[in-house]
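Here is the structure we will look at.
Quick note: the coordinates plus some simple rules give every number you see, no bench work behind them. The structure displayed is predicted, hence computed values, not measured ones. So basically every Cβ, Gly included, is an ideal-geometry build from the backbone, and we count neighbours across all protein chains shown.
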Amino acid sequence: MNATTMTGITALSIGKDIRLNNAEELEATLRHIGATRYHSLHPFHKLLHGGKLNKGQVQAWALNRYYYQSTIPIKDAVVISRFRDRATRVEWRHRIEDHDGDIGSEGGIERWLKLTEGLGLDTAYVESTEGILPATRFAVEAYVHYCREKSPLEAIASSLTELFAPNLHEERISGMLQHYDFVNPDIMSYFKRRLTQAPRDANFALDYVKTHARTPEERASVCNALIFKTNVLWVQLDALYHAYVEGHIPPGAFVPKG
Ligand SMILES: O=C(O)c1cc(C(=O)O)c2c(n1)C(=O)C(=O)c1cc(C(=O)O)[nH]c1-2
């Protein structure tokens, strides 16, 4: 079977007739899922990176994404809690430091707050998460629940969207710097740092699933974890589009000024 030409992948899972016989077929299928479902393809990102949004819309995106960013270390603590195996915990724990930082060293969450502050948002308001869309909260919480409830293999596999993040971050850095006069390199430092962190993390996760998914059923579960995660990311942008491009802001959510 040629995984890259496969059909039968539904919105939620790969077809029952798709049988992945080895690690190479698994990797080809994961890359196919990324190429067809990663949120780099979402219309909201096309607008964001193409300079087609106004400042209020970019603020709404950064405000909502803060909830995702600030939940990632909680998710990673859950992933760690799934492993008796010390080596896996040791390997995974730098992810928490990457986001939370350490005494005297800045982490990704602080860098994200530089972005929201640079965009003119009040940091206490961003941190309160009061203005985020309900769909942002539901999607992000679903990711944490997934890592708690599914198998440890699926918990690791659900991080595999990061395989596809560096290209998106490159596109975002250059697109946003080029198109928006309210964006400068300093406030984009979050993404610059992820360009080195994400490939290291993604490669570990990819090697892990290729080694530990030993049966066709386990390989299918890895693919389904990646599909689940692409949906977590996609629905967040659907909600942003509906609220801030089409103008249907849900009650109580952030309303851009002016
Ligand atoms: O900007 C993005 O589009 C994007 C996507 C993803 C992703 O693919 O899940 C992550 C990030 N950024 C990111 O910055 C990040 O730290 C991160 C951690 C994880 C994860 O699942 O553990 N994904 C992502």
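Within the stretch 31-172, all pairs of alpha-carbon atoms sorted by distance into 10 Å bins from zero give the percentages 10, 35, 39, 14, 1.
Determine, for 181, 186, the number of other Cβ atoms within 10 Å of each Cβ, and report the residues in order from fewest to most.
The order, fewest Cβ neighbours first, is 181, 186.
Put simply, the amide H of residue 9, placed in the peptide plane, has neighbours under 5 Å in 15, leaving out anything fewer than 5 places away on its chain. Here the peptides 146-159, 188-201 are ranked by packing, the mean other Cβ count within 10 Å, and the order with the highest first is 146-159, 188-201.
You can think of it this way: the chain between residue 180 and residue 125 has 17.5 nm of extra reach, that is 0.36 nm per residue less the Cα-Cα gap. Each of 113, 51, 209 was placed along the dipole of the chain (beta-carbon charges, centred on the mean Cα), and the one lying farthest toward the positive end is 209. For the stretch 34-245, the number of Lys pairs with C-alpha atoms closer than 21 Å, counting only pairs eight or more positions apart or on separate chains, is 10. Between residue 141 and residue 193, the simple label model (points 7 Å from Cα in the Cβ direction) yields a spacing of 2.8 nm. Across 248, 145, 42, mean-square fluctuation computed from a Gaussian network of the chain (C-alpha pairs under 10 Å connected) peaks at 248. Taking every DSSP helix (H) stretch of at least 4 residues in the chain, weighting each as -39,500 (n - 2.57) and dividing the sum by the residue count yields a mean residue ellipticity at 222 nm of -21000 deg cm²/dmol. 3J(HN,Hα) along the stretch 176-189: 6, 5, 5, 9, 10, 6, 8, 10, 9, x, 4, 7, 9, 4 Hz, from the Karplus curve 6.51 cos²θ - 1.76 cosθ + 1.60 with θ = phi - 60°, whole Hz, x for Gly and Pro. Want the number for residue 102 to residue 249: 0.36 nm per residue separation, take away the alpha-carbon distance, what's left? Roughly 49.3 nm would be gained on extension. Each of 79, 243, 68 was scored by the projection of its Cα onto the charge dipole of the stretch 34-245, and the greatest displacement toward the positive side belongs to 79; charges sit on the C-beta of Lys, Arg, Asp and Glu. Considering only 155, 195, 29, the residue lying farthest towards the positive end of the dipole of the chain is 29, judged by Cα position with unit charges set on Cβ. The packing ranking of peptides 72-82, 19-29, highest mean first, is 72-82, 19-29, where packing means the average number of other beta carbon atoms within 10 angstrom of each residue. For the stretch 34-245, the Cβ-based charge dipole about the Cα centre amounts to some 540 debye (Lys, Arg positive; Asp, Glu negative; other atoms uncharged).
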